[in-house]
Every structure is written in structure tokens, then in C-alpha cells.
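First up is the structure itself, then whatever we jot down about it.
The values are calculated or read from the model by the stated rules, or taken from the named source; none is laboratory data. Just so it is clear, the structure is predicted and the values come from calculations on it, not from any experiment. Here the Cβ is made from the backbone with ideal geometry for all residues, glycine too, and neighbour counts use every protein chain on show. Heavy atoms of the whole protein, side chains included, go into the accessibility calculation; ligands, DNA and RNA do not. Shrake-Rupley method; radii C 1.70, N 1.55, O 1.52, S 1.80 Å.
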Amino acid sequence: MKVAVLGSGVVGVSTAWFLARAGHEVVVLDRACGPARETSFANGGQISVSQSEPWANPSAPWQILQWLLRDDAPLLFRLRLDPAQWRWCWQFLLECRGRRAEANMRQMLALGRYSRDTLQQLRAELGLDYQQQTRGIVSLFHTQRQLDEAAHVAAQMRELGMDKHIISREELARIEPALAGIAPTLAGASYCPSDESGDVHLYTCAMAEHAARAGVEFRFNTRINALETDNGRISGVSVNLPEGNYRRVTADAYVLALGSYSPLLAAPLGIRLPIYPWKGYSATLPLRDPATAPVASITDEAYKVVISRLGKRLRIAGTAELAGYSSSLNALRCQALLKRGQALMPDVADWDAAEFWSGLRPATPGNVPLIGRSRYANLYLNTGHGTLGWTEGAGSGRALAEIISGRTPPIDFAFQGM
């Protein structure tokens with residue numbers, strides 16, 4: 001059948017690829033000039049299955065209260081007169097309960113492992129090069145309390161099949177020599193050798209090229225206005241063409257993969273998606289000496305900052321700002337990324353040549369994405385991946401293509417409408 005995929009980020013392009021592989025006719029619509037131009041453009045680079053602990057967990061409310069009045073806080077709430085924001089915040093608090101957080105982590109880990117396996121299969125099959133590093137992720141902890149909490153989470157994850165464990169400062173320096181200078185000041189670290197990193201923009205563009213060769217039609221510079229309905233089904237998509245003219249695109253099935261903008265398109269249909277944008281920032285810098293640059297990806301847990309080597313560049317990303325749909329850059333938060341990077345590895349990059357970026361992460365209250373059928377028979381969801389779109393994107397696309405093709409994906413996940 002013909003399927004229209006709305007959105008050409010990592011999730012939308014992955015969905016389009018697997019739909020084409022399953023024999024469907026696929027058209028992808030996006031307002032941008034090419035694939036991966038918004039949230040999938042310059043994220044932290046981590047494929048971090050081991051970081052599938054929900055942000056909504058029992059310790060989160062106390063942490064957020066501590067950060068409320070700090071403009072450089074890792075999590076920044078800018079409360080607005082927005083019912084959707086308040087409703088999301090209330091649901092977030094409900095998801096912080098211990099049993100809910102554990103159940104959400106189980107789902108995130110299942111999807112993350114499935115997605116990482118899918119990504120590795122695609123890389124081998126298609127010969128993909130997206131400046132990937134396969135040396136794992138180290139997470140840094142500055143206090144014994146942080147380290148003890150991390151040890152508890154790592155133990156939970158090992159019970160669920162993840163190879164995440166606590167390492168000493170000496171082990172950290174051996175695994176990642178670029179951190180040898182800072183290692184003695186830390187309480188310790190955790191390490192997951194099976195995690196990876198890479199440039200999501202390069203990956204998504206490469207997959208879009210493969211998808212196009214497989215018959216997928218990409219229509220860029222096409223503004224999506226609304227989904228039209230008739231008798232309980234989606235009957236078409238109202239769009240503006242690049243030259244400004246209105247058109248109506250029709251298909252047998254439709255996939256909503258517009259990240260943070262998905263709720264805006266779903267709301268007129270009476271579908272209230274529990275997604276709200278978390279604005280994240282990144283800085284990309286040229287390396288001074290690639291020989292001294294990190295080989296593993298790094299997470300500084302206290303500051304919610306991640307660092308990944310992408311070829312001859314260093315990507316520093318993080319923070320989360322609950323401030324609606326604004327994508328404007330906050331200079332203080334940009335500088336906080338550089339300050340943290342310099343504190344960890346002062347000589348690794350040219351700190352005066354930073355290129356800054358911000359993107360809106362589509363977060364659900366419990367960090368579990370919405371994948372599957374909607375209340376409309378031919379409308380499918382693949383959205384709400386929050387900070388783990390790169391980690392979960394390939395598997396989410398594969399899983400939804402299975403569902404649309406009438407099959408059940410082989411993972412333990414609460415797919416929508418199933």
C-alpha cells in the first residue's frame with residue numbers, strides 16, 4: 001500500500017526505509033530542505049542504551065527543586081500560561097513513582113537494545129559510515145552519593161541484560177586516557193562497552209539516500225498544514241508546496257513522525273499526545289590534536305552533559321529547557337557547555353571556534369515513545385523519543401514498519417493500539 005511518512009528525522013527516515021523494504025510505496029513529507037535538519041541535526045551523538053533510566057524517577061522532583069532558580073541548571077523549567085505544559089508536568093510527577101519508573105526503564109531498554117542491533121545490522125549491510133565510535137560510554141560521578149545511586153541503577157540494568165558496571169578512577173583513565181587528568185577528582189564512573197556514538201545527521205542523510213534508491217519519494221520544503229479525516233480515517237494531508245501553492249497528498253496509511261510538533265497536528269483530530277518539547281543545546285568544535293581526543297563517549301551525570309568525538313570534531317551537548325516551542329539560543333547555557341568541556345579536557349579542542357545549535361526533543365512524561373496505531377484506523381504514531389531518538393530511531397522505524405505490514409515486532413514493548 002501507499003504510506004505517507006510525515007517527518008524526515010532519524011525516526012521518519014528509518015520508518016520509510018523499512019516500509020520500502022517491506023514492499024510499500026512510500027512518500028516522505030517535511031518542511032525542511034533535507035533530512036535531519038531539526039532535532040536530528042546536531043545532538044550529543046550517543047547511542048546510549050545504558051542511559052535508559054527515565055528522567056522521571058523518584059529522585060527527580062528533589063533535583064528539579066534545587067535547580068529551579070538557576071539559569072544554568074541542567075534541567076530548566078520556565079513555567080508558562082500553557083495548559084499543555086502544566087498537564088505534562090503533572091504527568092511527569094506521576095511517572096516519578098518507583099514502580100512506574102522501573103516499568104518505563106524496562107520498555108526503554110527493550111527498545112534500545114532492539115534498535116542498537118538494528119543499527120549494527122544496517123551498518124554492516126549497507127556499509128554506512130557516520131563517524132561512528134564503538135568504544136562504549138563512560139559516565140562520570142563527582143560524589144559518593146551519586147556513585148552509590150549509579151551502582152543501584154547499574155545493578156538493575158544488569159538484571160535486565162545490560163553490561164553496565166561501576167569502574168574505579170584508575171579503570172576510567174585506562175579506558176579513556178583523555179580523562180586521565182580529571183579522573184583523580186571523581187568519586188568513580190560507570191561504563192557500558194556495548195554503547196556507541198556517531199553523527200546522527202550523517203546517518204540519517206545516508207539512510208535517506210538508500211531509501212530514495214529503494215523507491216522512497218522525498219518531498220522537502222513542503223509545509224504540512226493539517227491531517228484531513230473522513231469516516232474515522234485519515235483521507236489526506238493538506239500541504240504547501242515549495243512555491244507556496246496548496247496541495248492535498250493522499251495515501252492508504254499515514255505515519256506521524258514529527259517529533260515535538262506531532263501533538264500540534266494530532267490535537268485537531270481529538271488526539272491528545274502527552275508530548276512536550278525539551279530544548280537541548282550543543283556545541284561542535286574542531287579538535288586540536290585528534291591523537292589526544294576521547295575514543296569513548298562521555299556523560300557527565302551531574303551536569304547532564306555528553307561529549308562525543310565525531311571524526312575531527314568534538315560534540316558537547318546537553319541541558320534541557322522546558323520553555324515551549326522556542327528554539328532561540330540562551331548564551332549562558334551555551335557557555336555552560338564549553339565551560340564543562342574545558343573542565344574535563346582543557347586542551348582537546350579549539351574552544352574559540354564553537355558552533356552552537358539548539359533542538360526540541362519530543363519528551364513524554366515517562367520517556368517512553370509512542371509507537372503504533374492511533375484511534376484512526378490508518379494513522380500510525382512514531383514520536384515522543386525525547387533524548388533517545390538517535391538511540392531508538394532505527395528500531396522504532398523497523399518496529400512500526402512491522403506493525404503497518406500486519407506483523408508483531410519481536411520485542412516486549414507497549415505498542416500503541418496493540
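The alpha carbons of the chain occupy a box of 64, 44, 42 Å along the principal axes, longest dimension given first.
Measuring between their Cα centroids, segment 95-121 and segment 267-324 lie 19 Å from each other. Each label was represented as a point 7 Å from its Cα along the Cα-to-Cβ direction; for Arg87 and Ala22 these points are 2.9 nm apart. Amide H contacts of Gly188: Phe141, each under 5 Å away and 5 or more positions distant or on a separate chain (H built 1.01 Å from N in the peptide plane; Pro and chain starts excluded). Full extension of the chain segment joining Arg174 with Ala212 gains 9.3 nm, where the gain is 0.36 nm per residue of separation less the Cα-Cα distance.
Ratio of Rg to Rh for segment 52-137: 1.12 [Cα atoms; Kirkwood radius as inverse mean 1/r over pairs]. Averaged over its residues, segment 183-270 has an accessible area of 42 Å² per residue, based on protein heavy atoms and a 1.4 Å probe. For segment 282-323, the convex hull spanned by the alpha carbon atoms encloses 73 Å³ per residue.
Which value in deg cm²/dmol, rounded to the nearest 500, describes the helix-derived mean residue ellipticity at 222 nm for the chain, given -39,500 (n - 2.57) per DSSP H run of n ≥ 4 and division by the residue count? Kindly include the intermediate steps, with their values, before the conclusion.
Values: 10 runs with 134 residues, N = 418.
Roughly -10000 deg cm²/dmol at 222 nm, from the helical runs in the chain.
Projecting label points 7 angstrom from Cα along Cα→Cβ for Leu79 and Cys33 puts them 4.1 nm apart. Each Lys and Arg Cβ is given +1 and each Asp and Glu Cβ -1; about its Cα centre, the chain then shows a dipole of about 800 debye. Of the Cα atoms belonging to segment 273-375, the radius of gyration and Dmax stand at 15.6, 54 Å.
A Gaussian network model of the chain, with springs between Cα atoms under 10 Å, assigns the largest mean-square fluctuation among Arg145, Arg375, Arg398 to Arg145.
For the chain, the relative contact order comes to 27 percent (Cα pairs under 8 Å, sequence separation of at least 6).
When you have a sec, figure out the Kirkwood radius of segment 33-97 from all distinct Cα pair distances and drop it here in Å to one decimal?
On the way: mean 1/r = 0.0694 Å⁻¹.
Averaging 1/r across every pair of different Cα atoms and inverting gives 14.4 Å.
Annotation: Cα Rg of segment 98-152 relative to the compact-globule expectation 2.2 N^0.38 Å equals 1.58.
Mind jotting down a quarter of the surface of the convex hull over the alpha carbons of segment 66-203, in square nanometres, one decimal?
Details: hull surface 45.5 nm².
That works out to 11.4 nm², a quarter of the Cα hull's surface.
Amide H to amide H, with H built 1.01 Å from N, Val295 comes under 5 Å of Ala178, counting only residues 5 or more places away or on other chains. Within the straight-line cut-off of under 18 Å between alpha carbons, the lysines reachable from Lys304 are Lys279, Lys339, sequence neighbours fewer than 8 places apart in one chain being disregarded. Within the listed set Glu402, Glu228, Glu38, the residue fluctuating most in the Gaussian network model of the chain (springs between alpha-carbon atoms under 10 angstrom) is Glu228.
A Gaussian network model of the chain, with springs between Cα atoms under 10 Å, assigns the largest mean-square fluctuation among Asp289, Asp72, Asp199 to Asp289. For the chain, the fraction of 1.4 Å probe accessible surface lying on carbon and sulfur atoms is 50 percent. Of all the C-alpha pairs in segment 31-70, what % are more than 14 Å from each other? Tail of P(r) above 14 Å: 69 percent of Cα pairs. Backbone phi angles across segment 35-52, fed through the Karplus curve with coefficients 6.51, -1.76 and 1.60 (θ = phi - 60°), yield HN-Hα couplings of x, 6, 9, 10, 5, 8, 8, 9, 7, x, x, 8, 9, 10, 4, 5, 9, 8 Hz in residue order; Gly and Pro are listed as x. For Lys2, a cut-off of 16 angstrom between C-alpha atoms picks up these aspartates and glutamates, skipping any fewer than 8 places away in its own chain: Glu25, Glu217, Asp252, Glu402. Proximity of backbone amide H atoms, modeled 1.01 Å from N, is registered between Ser48 and Thr391 at under 5 Å, excluding neighbours fewer than 5 places apart on the same chain.
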